[in-house]
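*Asks:* Below are the structure tokens for one structure; questions will follow.
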Amino acid sequence: MRRSDLALEAGISEPTLQRAISELRREGWIGYEFSGRDTAGRRGGPLRLTRRAGLVVGVDVGRRHLRAAVADVHGNLLTQPIEPDEPIDVEDSGSALLHLVAKIVVRAVSSTAGEEAPYRLAEVRAIGVGVPSPVDARGVAVGMFLPQWSGLPLPEVLTELLAREAAERDEGLFPGLSIKVAKDADLGVLKAWQEHVEQQIEGDAELDRDRERGKHAGQNPSRARADDSLVFVKASTGVDAGLVCQGHLVTGSHGLAGQLGHMSVPHAPHDLSNSIGIRVREDRPTRRCRRCTRPLCLENLASGGAVLDQLERLRGDGDSPGSMEELVTQVRDQTAMTPLSHEAVVAAGTRVGLVLAEAVRVADPTRIVVGGLFALAGEVFMTPLRVAFSDAATGGLSAKIVSVPDAQVKRIELEGAIVLARKHLHFAGTPKPVAPA
Ligand SMILES: [Zn+2]
């Protein structure tokens, strides 16, 4: 944001803004990057909030992973994400996992080495946590997605566990610490939306520069379009989706919005083309969906978990992959991929595309971003998804479908957790330090 825009936004004159900036610099709130370098030495140079403004932490709890990372209040990661030493399984671990979440937050903070004093828990002002279950607006796990967590007010439980961890280390928590919990696909959509808006702003800035140089005369910058909507699909061990409509995250009245995974697959089991072999085409899941109890919901047919079960059932071409990661690695390395794995992933992509085409009729999104481990299968998954979508999305729907870049697939929910935490930073009521004499 330029200083002139900042003054406009704050409703003050530029000289007043300049005085405020000088005062904030004097008191150590802005001016230095976390590394200690002065980035605001030049008048007119970029300004940043300092460590004094606090830290935020993002936590991503998946069905098979747990990651946490510490960021500055601008959302820049201060370290690589850290994970527990042992793999986790959220279905089996129950509330013990919440203790582990508290411990991993403490570890993330204490392993973040500042160039000055070590970071402390009390510096953390906001924590965003993603969980593989719908939660309501207060962060209470709803439905029977993770029965052992159902009805638990996750932010309160985590605050208490963290306070205990802090006390064991003779530390305290920041008095106004805010902990926000959301389902993981909602974090994916928050991050994807932030990037979408940033791209629009960058595109507009480019147009402005061109206009200044006399190019594109008469063309108006688009500005981040207020009517844009975006869907994030998490196609992984499970299938879920998050939705931002016109800039607002849509979670529904109980947190149950966006359940792409539990919609019925249209025309299943006759939905797959003849190019997919008869074994995969005629294969049916042997049990009902554990969450919605239906036999032919998308998750029971096309989630990573369902595909692994299917390959186990049909075996045939040798060993079946034991995990999603093994499956996508096989698919990426074409030589290791069996025809059966290939067909199963194509079938999954087709089914996600079919359901998506029906689901997005309620939202008419501008953009659909596909994340989750299936995004790592690349075009083997994405091409059938796009083809099925465009065949089924008749009547003018025209969302652009992109996948999350490989390097970001395992990180986007964590980055979204940091976006969520930053939305809940509060500075009001921060005690004013005594001014130097
Ligand atoms: Zn289901």
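*Asks:* Could you grab me the full set of residues in segment 9-25 that are hydrophobic (A, V, I, L, M, F, W, C), part of a helix (DSSP H, G or I) and in contact with a helix residue (DSSP H, G or I) (Cβ under 9 Å, 6 or more places away or on another chain)? Before the answer, list the steps.
*Replies:* Here is the first cut: in segment 9-25, the ones hydrophobic (A, V, I, L, M, F, W, C) are 10, 12, 17, 20-21, 24.
The next check asks that each one be part of a helix (DSSP H, G or I); those that pass are 10, 17, 20-21, 24.
Result: A10, L17, A20, I21.
*Asks:* Now for a different question. Where in segment 252-316 are there helices (runs of 4 or more DSSP H), lying wholly inside it, with at least 2 residues that are out of contact with any His (no Cβ under 6 Å at 6 or more places or on another chain) and within 15 Å of the ligand (Cβ to nearest atom)? Even if it seems obvious, please write down each step before you answer.
*Replies:* Details: elements: 278-281, 298-302, 304-314.
Answer list for segment 252-316: 298-302, 304-314.
Rundown of residues vs (1) among the basic types (K, R); (2) farther than 21 Å from V328 by Cβ, yes/no style:
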position	(1), (2)
A235	no, no
V244	no, yes
M263	no, yes
E282	no, yes
R287	yes, yes
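*Asks:* If you don't mind, there's one more thing I want to ask. Would you confirm, using the coordinates I've provided, whether G58 is open to solvent by 20 Å² or more (accessible area, probe 1.4 Å), modelled with pLDDT of 85 or more and within 16 Å of I412 (Cβ to Cβ)?
*Replies:* no
*Asks:* Another one. Do you know which of the residues in segment 254-275 that are of a type outside the set (G, A, S) and touching a helix residue (DSSP H, G or I) at 6+ places or on another chain (Cβ under 7 Å) is most open to solvent (accessible area, probe 1.4 Å)?
*Replies:* So in segment 254-275, the residues of a type outside the set (G, A, S) come out as 254, 256, 259-260, 262-263, 265-267, 269-272, 274.
Narrowing further to those that are touching a helix residue (DSSP H, G or I) at 6+ places or on another chain (Cβ under 7 Å): 260, 262-263, 265-266, 271-272.
Numbers: L260: 7, H262: 19, M263: 69, V265: 9, P266: 29, D271: 23, L272: 16 Å².
Taking the candidates together, the pick is M263.
*Asks:* Considering (1) closer than 18 Å to A421 by Cβ; (2) in a loop (DSSP other than H, G, I, E, B); (3) among the hydrophobic types (A, V, I, L, M, F, W, C), say which one I179 fails and leave the rest.
*Replies:* (2)
*Asks:* Sticking with this one: Search segment 74-94 for residues being small (G, A, S) and without any contact (Cβ under 8 Å) to a residue 60 or more places away in the chain, and hand back the single one that is surrounded by the fewest Cβ atoms within 10 Å (Cβ to Cβ). Even if it seems obvious, please write down each step before you answer.
*Replies:* So in segment 74-94, the residues small (G, A, S) come out as 75, 93-94.
Going one step further and asking which of them are without any contact (Cβ under 8 Å) to a residue 60 or more places away in the chain, we end up with 93-94.
Working: S93: 16, G94: 12.
Result: G94.
*Asks:* Looking at Q194 and the list (1) loosely packed, with under 14 Cβ neighbours inside 10 Å; (2) in a helix (DSSP H, G or I); (3) in contact (Cβ under 8 Å) with a residue 12 or more places away in the chain, which single condition is not satisfied?
*Replies:* (1)
*Asks:* Inside segment 330-370, can you point out the residues that are touching a helix residue (DSSP H, G or I) at 6+ places or on another chain (Cβ under 6 Å), open to solvent by less than 10 Å² (accessible area, probe 1.4 Å) and not hydrophobic (A, V, I, L, M, F, W, C)?
*Replies:* S341, G349, R351, G353
The values are calculated or read from the model by the stated rules, or taken from the named source; none is laboratory data. Keep in mind that this is a model prediction, so the values were computed, not measured. FYI the Cβ positions are ideal-geometry reconstructions off the backbone, even for glycines, and counts take in every protein chain you see. To get the accessible areas, we keep the full protein, side chains included, count just its heavy atoms, and leave off ligands, DNA and RNA. Shrake-Rupley method; radii C 1.70, N 1.55, O 1.52, S 1.80 Å.
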